[in-house]
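The values are calculated or read from the model by the stated rules, or taken from the named source; none is laboratory data. Every value quoted in this text rests on a predicted model; they were computed, and no experiment measured them. Here the Cβ positions follow ideal geometry from the backbone for every residue, glycine too, while neighbour counts run over all protein chains shown. Accessible surface is based on the protein model in full, side chains and every heavy atom, while ligands, DNA and RNA are left aside. Shrake-Rupley method; radii C 1.70, N 1.55, O 1.52, S 1.80 Å.
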Amino acid sequence: MSGTATFIHRPRFAMTDSTSLLLSPLALPPFSVVFLAFLIAGTVLGLGLLHRHAHHVRRHRDAVPQPFADAIPLHSHQRAADYTFARARMSALHAVANAGFVLLLTLGGGLQAVHDAWAGVLPAGGLGHGVALLASLGVLGWLFELPFALLRTFGIEKAFGFNRMTLRLYLADTAREAALAALIGLPLLAAVLWLALAMGELWWAWVWGFWLGFNLLAMVIWPTFIAPLFNRFTPLADAALKARVEALLARCGFRAKGLFVMDGSRRSAHGNAYFTGLGAAKRIVFFDTLLDKLDADEVEAVLAHELGHFHHRHLVHRLAVLAPASLGVLALLAWLAQQPWFFSGLGMHSSDLASALALFTLVLPVFSFPLAPVLSHWSRKHEFEADTYAARHADAGKLVSALVKLYRDNASTLTPDPLYSRFHDSHPPAALRIARLQALQR
Ligand SMILES: [Zn+2]
C-alpha cells in the first residue's frame, strides 16, 4: 500500500473503458457531481477568503490601528502582517493540496486500491481488514500533512522567531505520537469497528455511547497521564502570584486541584493558559511563556477570563450540542453505508462498513464547511461572555493590556479581513474585544 503506484487504480465510475473523466463528465454518477461541486465550492471559497485576508492585512501594514498606536510599535505591526501573510499563503497551498489528496483517494481510486491491497492479506469486510484499511488511511493522512507541518514549524515559525523546537525534539514528539496512536488508537478503532459489525441495525447508537464514554475518560486521564509525556508540569512556585490566583479562585467560588506551569517554551514562544480535567481533577496550567510576558495583574485578568468560560459552562454547552449532533452524524453514516450510490459516487466498488467509515471521514469536511461560520460565531459569543465575566471579577484594563501584549508577541494581526474573521476566527478581532472591555471598565 505504499508508494504512489497504488493510486493509479482505475476508478469505478470509468466503466466506459477508454473514456476518461475529463472527456466525459456526463458519465459521472450524480453523487460524484454533487461531491465535486461541494469540493470545488469549498476550496474556492476558502481560497477567496484567504486572498481577501492576506490583502486586507497587506493594505493595513503601514499604520498601526488607532487603539493600539501607543502600545504596539510599527515594526511589530508589520511583523504581524508579514507573519499573517506567510501563514495565509501556506494555508492556500494546503487547501489546494488537500482537495487533490481527497480526490486522489476517492474518485482517483486510491482508497479502493488500499482496500484491494489489504484484501490480498486479510478477508475483506472482516474486522482485521477494516482496521488495516482505516489505519492505512490514518497513516496516509499523516504523511500528507507531514511536509506542511515541517514547513510551518521549521519554515514560517522559525523565520518569525517562534519555533524553539529542534529537529530532534520534533522527531521524539513524532515517535511518541505514533506510539500513542498505535497503543490507544488501534484498539479504539478495533473496538468501534467490532461494535459496528456485531451490534446489528442499531450499531451506530452503540458506537456513539462508546465514543462518548471514551471522550469523557480521555478528559479525566489526559492531564495526568498523556500531557506529561510531552511536557513538564511543575507546581506554580511564585508565592505572590499563587496567593493572587488563589484569592481570585476563592472570589469566584472555584476549586482547582492544582496550579501548574508548563514548559511551553520548549517548543514555541507563543504563550497561553488553560484548564484541563473534569470535576475535582481540574487543574490550571500556565505556559511559562505566558508568565514571562505578563505581570501578576494581567495573569489574574487572563485567568478570570478562563474562569468565565467555566462559570458560563461553555464546555457543557458545547457537549450538550455536539453529543446529539454526533449521534445524528453516526445515524447518517449508518444509512449511507447501505446506499450503493454513496460508494460508487465516491470511487469505490467495495461497500463494506469500514469502507463507508473511511469514505465518510474523508468527505465529511467537504460537506460540512458551511457550518464553519456558525461554529465560529458561537465560539466568539463565548469569548465575549468570558470577557464580561473577567471585567466583573478582575481589572478589565489589565485584560486589555494582557491582550495587547499577547497580540504583539504572538504577531497576531490586528487588522483581519472582516469576512475571513467571521468565517474562521474562534476569537473576536482584538479591536472589537478591547473596545468592549474598555466600555465595560467605565
Ligand atoms: Zn476564551
(request) Collect the residues in the range 52-83 that are open to solvent by less than 30 Å² (accessible area, probe 1.4 Å), assigned to a helix (DSSP H, G or I) and in contact with a Lys or Arg (Cβ under 9 Å, 6 or more places away or on another chain), keeping them in residue-number order. (result) 54, 68, 76, 77, 80, 81
(request) Can you tell me which residue among 432, 437 is more than 23 Å from the chain's Cα centre (by Cα), farther than 30 Å from residue 40 by Cα and free of Cβ contacts under 8 Å to residues at least 40 places away in the same chain? (result) 432
(request) Could you identify the single residue in 259, 229, 216 that is at pLDDT below 90, open to solvent by 30 Å² or more (accessible area, probe 1.4 Å) and within 21 Å of residue 287 (Cα to Cα)? (result) 229
(request) Could you identify the single residue in 212, 171 that is out of contact with any Lys or Arg (no Cβ under 7 Å at 6 or more places or on another chain) and more than 18 Å from residue 150 (Cβ to Cβ)? (result) 212
(message) Criterion first (open to solvent by less than 40 Å² (accessible area, probe 1.4 Å) and either part of a helix (DSSP H, G or I) or modelled with pLDDT of 50 or more (or both)) does residue 33 satisfy it?
(response) no
(request) Considering only the range 300-409, give the helices (runs of 4 or more DSSP H) lying wholly within it that have at least 2 residues that are open to solvent by less than 70 Å² (accessible area, probe 1.4 Å) and within 16 Å of the ligand (Cβ to nearest atom). (result) 372-393
(request) Select from the range 162-187 the residues that are surrounded by fewer than 13 Cβ atoms within 10 Å (Cβ to Cβ) and either more than 27 Å from residue 411 (Cβ to Cβ) or charged (D, E, K, R) (or both) and list them in ascending order. (result) 168, 175, 179, 182, 183, 187
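Matching residues to (1) under 30 Å from residue 137 (Cβ atoms); (2) in contact (Cβ under 8 Å) with a residue 12 or more places away in the chain:
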{"position": "192", "(1), (2)": "yes, yes"}
{"position": "213", "(1), (2)": "yes, no"}
{"position": "249", "(1), (2)": "no, yes"}
{"position": "260", "(1), (2)": "no, yes"}
{"position": "290", "(1), (2)": "no, yes"}
(request) Say whether the condition of being over 27 Å from residue 193 (Cα atoms) and touching a Gly at 6+ places or on another chain (Cβ under 9 Å) is met by at least one residue in the range 131-138. (result) no
(request) Scan the range 142-170 residue by residue and report those that are in a helix (DSSP H, G or I) and closer than 19 Å to residue 265 by Cβ. (result) 152, 153, 154, 156, 157, 158, 159, 167, 168, 169, 170
(message) Can you confirm whether residue 153 is under 23 Å from residue 410 (Cα atoms), under 18 Å from the mean Cα position of the chain (by Cα) and either modelled with pLDDT of 95 or more or among the hydroxyl-bearing types (Ser, Thr, Tyr) (or both)?
(response) yes
